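Visitor: If you scroll down you'll find the structure; I have some questions about it.
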Amino acid sequence: MVPTIALVRQHPARRAATGRARTALAVCTDSGGPAPVEDDAQDGWRPTAAHPMIIGVKDGWGGDVAALRARLENSAGTAPAERTPVCAAVAAGLFAAGLDRPPFPVDAGEPWLSCARVFWALRIRAEPGVTTAVACARWLRDDSGLPAERRSVVAWEWSFGFGVEARASVESDHDLTAPAGALTGRDTSEVYAFAAVFHAAKLYANLRFDDLGGFLEGSALAMGAGEGFQGGALVTALRGFAARGDRRHTAAYADGLLDRAWAAAPGSRQVVEVCLHALALAAPGHGVGERLCARAGEAVTTWPDDHVLWGRLAAGQRLCGRAAEARVSIDTALRQLLDAGKWDSPARTVYLRERDLIGSMPHPDAGDVGVPAPRPVDTDLAGAVPRLAFLALFLVGGLVVLVAAGTTAADVSWRTRLGQEALLAGSLLALAAGVCAALRLLVRRWERTG
């Protein structure tokens, strides 16, 4: 009988002893009882002859670490559409096997780099603290095999991206004390910078402007990252973003930082995203819409498949009153979101709301076809109608009184005649007041409906 693979929770006593939450694997034997596969809290479980089968993934494929690596190697040279699911499956297999880090260098590029990125994303999703970010930074420095220049680019991308993805778990200043204190002398500014950007990205994604500015200016992680950290393009953009929402700083100061970051690293996707986000959150006016249009237009030429940038461009075009272009841009953002397989992400709600705002704008090509022109209201006539009604009713009332006086019997006393005339006059006045009130209501309704 071929043994089957099942995921089981780590025993509570084992989890308490290691201090880490793990998902172990079990091989179901012929008797039906699971034989737990041991893992190691420090170095990750390694396959043995007794338990070569360590992982089962959704499509039923399973194997040891060597088989996982072989599957990844076989995907080299394939199209990204074919390679991406393989990277995700292999990374999930390595993570579920209990490994703490990817068991291969990534200096050869794809698909190893993408697989390592997915692996660390899974680890941070399970343990979204700065401690995990520090472990990732140490692996990049010591075991990734990347040269320093390439490693720096990857570190900025990963630390910012992981932080945004882990925005639901923001550690307090007190919670950061232990991870920062655990950093030792062997942890260079590279490790400090990775951890600092990781936490700053969480604050950025949650729009915590004051906390973000304070963290970048005086936290232990930011200070440990070295003097050049504050002058980096991404950190400068984050400082400008924080200043945009901080009342202690002027808009000119924030714009200066954002302009400096944009000029320093126009090819950095993270810098572009932060700068455009800051402009999108700024109050309309003072050329904000024009700047957002210009910069987002540059960005989509560099990254034409990025739905976020198309969404920013649509917002800028709406602020500039360019409704037709904004409709095209927001529809492109929605299409790119669908093509990326992220239709259920929160971005869809944002884009649909933006599309509604754009849809409420007047279309310049619509003209007046099919729209009846409002009928002008003659205000002089509207005011004259009640006055004419009063005059007409009083004249009619006077004539009725004269006719009634001439036709009253001669033998009626003057007292009786005066009572009849007073009753008739009161009736006519009441009639006149009712007619005038009705006319006034009609005129007001006429004015409103045009």
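Visitor: What accessible area per residue, rounded to a whole number of Å², is obtained for the range 149-261 using a probe radius of 1.4 Å?
Guide: Value returned for the range 149-261: 44 Å² of accessible area per residue.
Visitor: Using mean Cβ contacts within 10 Å as the protection proxy, how do 102-111, 134-143 order, highest first?
Guide: Ranked from most to least packed, the peptides come out as 134-143, 102-111.
Visitor: For the pair residue 342/residue 305, report the inter-label distance in nm, with labels modelled 7 Å from Cα in the Cβ direction.
Guide: Between residue 342 and residue 305, the label points sit 1.3 nm apart.
Visitor: Over the range 212-288, calculate the relative contact order: mean separation of alpha carbon pairs under 8 Å at least 6 apart, over the residue count, as a percent.
Guide: Here the relative contact order equals 26 percent.
Visitor: A further question follows. DSSP loop (so not H, G, I, E, B), at most 10 other Cβ within 10 Å: list which trypsin sites (Lys or Arg not before Pro) in the range 154-234 pass both filters.
Guide: Here the sparse-neighbourhood loop sites are 186.
Visitor: Report the calculated FRET efficiency for residue 357 and residue 125 (r = Cβ-Cβ distance, R0 = 25 Å), to the nearest 0.05. Write down the numbers at each step before the final one.
Guide: Values: r = 33 Å, r/R0 = 1.33.
Result of the calculation: an efficiency of 0.15.
Visitor: Once you place label points 7 Å from the Cα toward the Cβ at residue 167 and residue 143, how far apart are they in nm?
Guide: With each label placed 7 Å out from Cα toward Cβ, I get 3.1 nm.
Visitor: Right, something else. If packing is taken as the average number of other Cβ atoms within 10 Å across a peptide's residues, how do 301-309, 74-82 rank, most packed first?
Guide: Sorting 301-309, 74-82 by mean packing, highest first, produces 301-309, 74-82.
Visitor: Next question. Give me the percent of the accessible area of the range 140-237 that comes from carbon and sulfur atoms, probe 1.4 Å, all protein chains in place.
Guide: Numbers: 2180 of 4210 Å².
Whole-percent figure for carbon plus sulfur exposure: 52.
Visitor: I would also like to ask the following. Do you know the relative contact order of the range 288-356, to the nearest whole percent, from alpha carbon pairs under 8 angstrom that are 6+ apart?
Guide: Contact order relative to length: 30 percent.
The values are calculated or read from the model by the stated rules, or taken from the named source; none is laboratory data. Not measured: the values here are computed from a predicted model. When we count neighbours, we look across all protein chains shown, and the Cβ atoms used for this are built from the backbone with ideal geometry, even at glycine. With ligands, DNA and RNA removed, areas are computed over all heavy atoms of the protein, side chains included. Shrake-Rupley method; radii C 1.70, N 1.55, O 1.52, S 1.80 Å.
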